[in-house]
């Protein structure tokens, strides 16, 4: 049977459809550099996602690139990758990685003895930069957007907020509230839909939140915004990063139930 999407076997494809997705990737050699950002994903995780939604040589875009974890994942599995990032410091970190590391037989290695890490991150506001990309040019959009509006107030002692750009209105993480955040994500959704190839995928890694004393299903809210832009919501994987599991916090113990949100959701959308 022809497989137009990826290079996986039937059994590999079936395994990847499991809605539960626990991983335990240890920190790689680039982690000391990338962790400055405060909200990073394992390149191996991104490589697995990219491997399902693309074939070798196809173009992957990360509009919220940060320090380039998606681009590193793409390099691991021989995909082309481009990112967009608002903060020049995170682009500098990615450039330092591409200068001093390469791809070895078992992953990213220090030095240049392996395969070159290719990829490019353009500095700018992705809501504007996406408009410059011609329609139907990208095989997959795989991204981990900011979703921390109000998070820095409720969880200021638990999170490294270096990923935020204080006072920068173009940073979605600085949105005044979830309504404003979702309005900005709607603009992103329209451009993402336009530049994707037909029947290809947008993958968003995002977490839920608490707001005003209630659980706020941010993932579902974002999914609705993507659907309104024309995407079909094809499913969700619940990602549990066991390698960096933080201790459970005693939220409202003996007073009321408050969930420790220890997972993130991988939302999967298709154009057409």
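The table for this structure:
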| quantity | calculated |
| --- | --- |
| Any hit, the range 182-202, residues being touching a strand residue (DSSP E or B) at 6+ places or on another chain (Cβ under 9 Å), in a loop (DSSP other than H, G, I, E, B) and either at pLDDT 95 or above or surrounded by fewer than 20 Cβ atoms within 10 Å (Cβ to Cβ) (or both) | no |
| Residue list for the range 103-114, filter: more than 16 Å from residue 44 (Cβ to Cβ) and without any contact (Cβ under 8 Å) to a residue 40 or more places away in the chain | 111, 112, 113 |
| Residues of the range 23-34 satisfying the condition of being in contact (Cβ under 8 Å) with a residue 40 or more places away in the chain and either over 19 Å from residue 118 (Cα atoms) or touching a helix residue (DSSP H, G or I) at 6+ places or on another chain (Cβ under 7 Å) (or both) | 23, 24, 25, 26, 27, 28, 30, 33, 34 |
| Sole residue being crowded, with 19+ Cβ neighbours inside 10 Å, over 26 Å from residue 185 (Cβ atoms) and modelled with pLDDT of 95 or more, chosen from 54, 70, 99, 30 | 30 |
| Any hit, the range 218-240, residues being outside any helix (DSSP H, G or I), under 29 Å from residue 186 (Cβ atoms) and at pLDDT below 95 | no |
| Every residue from the range 173-200 that is closer than 13 Å to residue 146 by Cβ and touching a residue at least 40 places away in the same chain (Cβ under 8 Å) | 178, 182, 184, 185, 188 |
| Filtered residue count, the range 1-29, keeping only those that are touching a strand residue (DSSP E or B) at 6+ places or on another chain (Cβ under 7 Å) and closer than 17 Å to residue 77 by Cα | 1 |
| Members of the range 73-83 found to be surrounded by fewer than 24 Cβ atoms within 10 Å (Cβ to Cβ) and in contact with a strand residue (DSSP E or B) (Cβ under 7 Å, 6 or more places away or on another chain), listed by number | 76, 80, 82 |
| Residue match in the range 50-67 (condition: touching a residue at least 24 places away in the same chain (Cβ under 8 Å) and within 15 Å of residue 241 (Cα to Cα)) | no |
| Condition check for residue 136: within 13 Å of residue 64 (Cβ to Cβ), modelled with pLDDT of 95 or more and either touching a helix residue (DSSP H, G or I) at 6+ places or on another chain (Cβ under 7 Å) or assigned to a loop (DSSP other than H, G, I, E, B) (or both) | no |
| Selection from the range 102-114 of residues that are surrounded by fewer than 14 Cβ atoms within 10 Å (Cβ to Cβ) and outside any loop (DSSP other than H, G, I, E, B) | 110 |
| Test for residue 117: is it at pLDDT 95 or above, touching a helix residue (DSSP H, G or I) at 6+ places or on another chain (Cβ under 6 Å), under 30 Å from residue 196 (Cβ atoms) and crowded, with 21+ Cβ neighbours inside 10 Å | yes |
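The values are calculated or read from the model by the stated rules, or taken from the named source; none is laboratory data. A quick note: this is a predicted structure, and the numbers were derived from the prediction, not measured. When we count neighbours, we look across all protein chains shown, and the Cβ atoms used for this are built from the backbone with ideal geometry, even at glycine.
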